[in-house]
Amino acid sequence: MSGKHLPYGRQDINEDDIRAVMEVLRGDWLTTGPAVERFESAVAEYAGASYAVSFSSGTAALHGAMHAAGVTRGDLVLAPPMTFAATANSAIYCGGSPLFADISEDTLCLDPVLAHAACMKAPSPVRVIIPVSYAGYPVDVRPFRELASRTGAVLIEDAAHALGARRGERKVGTEADMTVFSFHPVKHITTAEGGMVLTDSERFAKSMRLFRSHGIVKSEQEFIRPYEGPWDNDMISIGCNYRLSDMASALGLSQMKRMDAFLSRRRELAALYREALRGAPRGLKLPPDSPGHSYHLFPVWVIPEMRKRAFVSLRENGIGVQVHYVPVHLHSYYREKFGFKPGDFPKAEMFSSGEISLPLYPGMDDRDVRFVAEKLLAVLEEPLAY
Ligand SMILES: Cc1ncc(COP(=O)(O)O)c(C=O)c1O
């Protein structure tokens, strides 16, 4: 043990962040106040999108995006199984059902060829296609854009891992119809819990704003029934309370000032892992690289027979590794409700059975990376017991 615990991810909070939250606490607004719009504008401007709608979590943001896309009973939502359950759950919240297609071994993201085949065979309309930029690898959305145009589906990118990632010169956030981010503490920036959807569509933005606030309007022009006076309000569609607070937004706004520094430190740490694990033994595989990768995670793959031992040994050394993810279709709920079973998506299952996410967050120092790599290599060099 190094004596230091290394979680797999961790927020970076400084005195400016604390001051920003304290200012809100001393002010007039705790819930929806001026920091909300300022934070939304900062993220929209950062990624180059026209509209940003904040939510109380990434999951709420996904729900808002699915609702805006019009997902309803009987609709299918095409997603990769190698993601957090929330990606597919958000379709179910709206009455839709998941339609999975396997991942590509090269990108660990939704395979466009398999996605196309799944769409062509789908028994009912595919309302949404939702590729996931897994680990921060910026999935190429062009084939999904084409598929969405051909089938009339809405393209949503789950970019919970990919704030700051780039495809060529474009930052993730503008190429899908809606792009969803999460600000959970292990992500690039945090608001404690929080999420956001970027879009260039005024219609989607409007629908999401309404949805996150009970579906209630207050201005006369938006009423469906007759307006009675300045006290009146009208609930014109179903909605939730998914608003992000002013406190959380102030934290997010302050964090955005260090976004580029966070991103470059993550990239440096990933490069250090690559260096330290070069020529790695016993079938170890490193995640796909890309110049635009935002490195939310550093997911390595070990031979599945070795995973448990490697995982336990790293944990015993104070290294807080995790597995991202149990493929969504293998969760009991998905098996029981939709009849999925092992073997349905072999590439996602094979990847998941050997995956270990190594610690990666801006507060790590270079020695931490070397320590993790050394412990991983040591356990992989031990002979397998037969
Ligand atoms: C790919 C993906 N989508 C959605 C979410 C949901 O985000 P949140 O935890 O902010 O609800 C996560 C959370 O980790 C995620 O990893």
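The values are calculated or read from the model by the stated rules, or taken from the named source; none is laboratory data. Owing to the predicted nature of the structure, the values given are computational and were not obtained by experimental measurement. Positions of Cβ are generated from backbone atoms using ideal geometry, with glycine treated the same way; all protein chains shown enter the neighbour counts.
Evaluate region 185-203: report whether one residue or more is among the polar types (S, T, N, Q), away from the ligand (no atom under 16 Å from the Cβ) and modelled with pLDDT of 95 or more. Working first, answer last.
Here is the first cut: in region 185-203, the residues among the polar types (S, T, N, Q) are 190-191, 199, 201.
Right, trim to away from the ligand (no atom under 16 Å from the Cβ) and you get 199, 201.
Of the ones still in play, those that are also modelled with pLDDT of 95 or more are 199, 201.
There is at least one residue in region 185-203 that is among the polar types (S, T, N, Q), away from the ligand (no atom under 16 Å from the Cβ) and modelled with pLDDT of 95 or more.
Ser182 satisfies every condition listed in (1) of a type in the set (Ser, Thr, Tyr); (2) farther than 21 Å from Gly363 by Cα; (3) within 16 Å of the ligand (Cβ to nearest atom) except (2). For region 152-160, the condition of being surrounded by fewer than 21 Cβ atoms within 10 Å (Cβ to Cβ) and over 18 Å from Asp102 (Cα atoms) holds for at least one residue. Listed by first and then second residue, the pairs linking a residue in region 249-270 that is over 26 Å from Pro288 (Cα atoms) to a residue that is small (Gly, Ala, Ser) and surrounded by fewer than 24 Cβ atoms within 10 Å (Cβ to Cβ), with Cβ atoms under 6 Å apart and 6 or more places separating them unless they lie on different chains, are Ala250/Ala20; Leu253/Ala42; Ser254/Ala20; Met256/Ala42.
Of all residues in region 58-111, exactly one satisfies the criterion of being free of Cβ contacts under 8 Å to residues at least 40 places away in the same chain and among the charged types (D, E, K, R), namely Arg73. Take the conditions (1) in contact (Cβ under 8 Å) with a residue 40 or more places away in the chain; (2) out of contact with any Asp or Glu (no Cβ under 8 Å at 6 or more places or on another chain); Ser149 misses just one of them, which is (1). Here Arg266 fits the description: assigned to a helix (DSSP H, G or I) and within 22 Å of the chain's Cα centre (by Cα). Scanning region 189-227 for residues that are within 23 Å of the chain's Cα centre (by Cα) and in a strand (DSSP E or B) yields Gly195, Met196, Val197, Leu198, Thr199, Ser213. Here Phe345, Phe340 are screened, and the one residue that is touching a His at 6+ places or on another chain (Cβ under 8 Å), farther than 20 Å from Val302 by Cα and not assigned by TED's automatic domain parsing to the domain that holds Ala135 is Phe340.
Restricting attention to region 23-82, the residues that are over 22 Å from the mean Cα position of the chain (by Cα), of a type in the set (S, T, N, Q) and at pLDDT 95 or above add up to 1. Number of residues in region 131-169 that are outside any strand (DSSP E or B) and in contact with a helix residue (DSSP H, G or I) (Cβ under 6 Å, 6 or more places away or on another chain) equals 9.
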